[in-house]
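Asker: I have a structure I would like to understand better, so I am pasting it below and will then ask my questions one at a time.
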Amino acid sequence: MATANALSAEVKAELLRRHNSTRTTVLSLLVAVVLLSVLAFVSQKFLTERSNRSLDMIARISIAIFGLGAVALRRTKFAQMRLQDIAAIQGPSGLMITLQRTTLLVAMIGVAAALIGFVSTLMTGAPAYTYQAGVVAAAVLLYGYPIRSSWEQAVQRYTSDESGGPKENFS
């Protein structure tokens, strides 16, 4: 269990392991989004532009919904009461699993937005879809980027101290 001032070595090791793997995944996905934009730019001369108004609206609305939905999902999943409940029931390990899974889910939603843009580019020949979706995806990935100090604070804040009582809220 966590002490009042620091995390135990076991909890800290698990936190570092989970954080590093999550960080690496998010950064890799960010690179993939940039590479999709580069691919759209390079393939521009091989695509013929075709206007498709229905696809245009569907793509733009889908990308916006994915971007806003990712932000709403992250805020909901990282709500204080929810994290307190998870930590109380599952302990520090369960809390870290939740932090990791939520971060990866938000990142995947961002990448899905980028893929929608890229497919729209392939279907219409207009690279602007990939660029716009890439900006949304990059914003989602950066918004959901895992910050280790935040994860450490969350584990310290929401896990029980040695006396078994809940920790005090730092905010």
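A short reminder: the numbers here are calculations on the coordinates, not readings from a lab. Fair warning: this is a prediction, and the values are worked out from it, not measured in the lab. Positions of Cβ are backbone-derived with ideal geometry, glycine not excepted, and every protein chain shown enters the neighbour counts.
Asker: I need SER8, SER54, SER93 ordered by Cβ neighbour count within 10 Å, fewest first.
Answerer: SER54, SER8, SER93
Asker: Each residue of the stretch 98-103 in order: what ³J(HN,Hα) in whole Hz does its phi give by Karplus 6.51 cos²θ - 1.76 cosθ + 1.60, θ = phi - 60°, with x for Gly and Pro?
Answerer: After applying 6.51 cos²θ - 1.76 cosθ + 1.60, I find 5, 4, 5, 5, 5, 4 Hz.
Asker: Residue by residue through the stretch 20-25, which ³J(HN,Hα) values in whole Hz follow from phi under the Karplus form 6.51 cos²θ - 1.76 cosθ + 1.60 (θ = phi - 60°), with glycine and proline marked x?
Answerer: With coefficients 6.51, -1.76 and 1.60, one gets 4, 5, 5, 4, 4, 5 Hz.
Asker: What list of ³J(HN,Hα) couplings, whole Hz, do you get for the stretch 29-41 from phi and the Karplus terms 6.51, -1.76, 1.60, once you set θ to phi - 60° and write x for glycine and proline?
Answerer: Taking θ as phi minus 60°, the curve returns 5, 5, 4, 4, 5, 5, 5, 4, 5, 5, 4, 5, 5 Hz for the stretch 29-41.
Asker: What whole-number value in cubic angstrom gives the convex hull volume per residue for the C-alpha atoms of the stretch 15-83?
Answerer: Once divided by residue count, the hull of the stretch 15-83 is 92 Å³.
Asker: Roughly how many debye, to the nearest 20, is the charge dipole of the chain about its Cα centre, given +1 on each Lys and Arg Cβ, -1 on each Asp and Glu Cβ, and no other charges?
Answerer: The calculated dipole for the chain is roughly 400 debye.
Asker: May I pose another question? Rounded to the nearest angstrom and ordered from largest down, what semi-axes does the equivalent ellipsoid of the chain get from its C-alpha gyration tensor (root of 5λ)?
Answerer: Computed over the chain, the values are 41, 15, 9 Å.
Asker: Here's something else I'd like to know. What is the Cα centroid distance between the stretch 1-78 and the stretch 87-163, reported in whole angstrom?
Answerer: 6 Å
Asker: Grab the DSSP H runs of the chain that are 4 residues or longer, score each as -39,500 (n - 2.57), total them, divide by all residues and round the 222 nm result to the nearest 500 deg cm²/dmol.
Answerer: Value at 222 nm, helices only, nearest 500: -27500 deg cm²/dmol.
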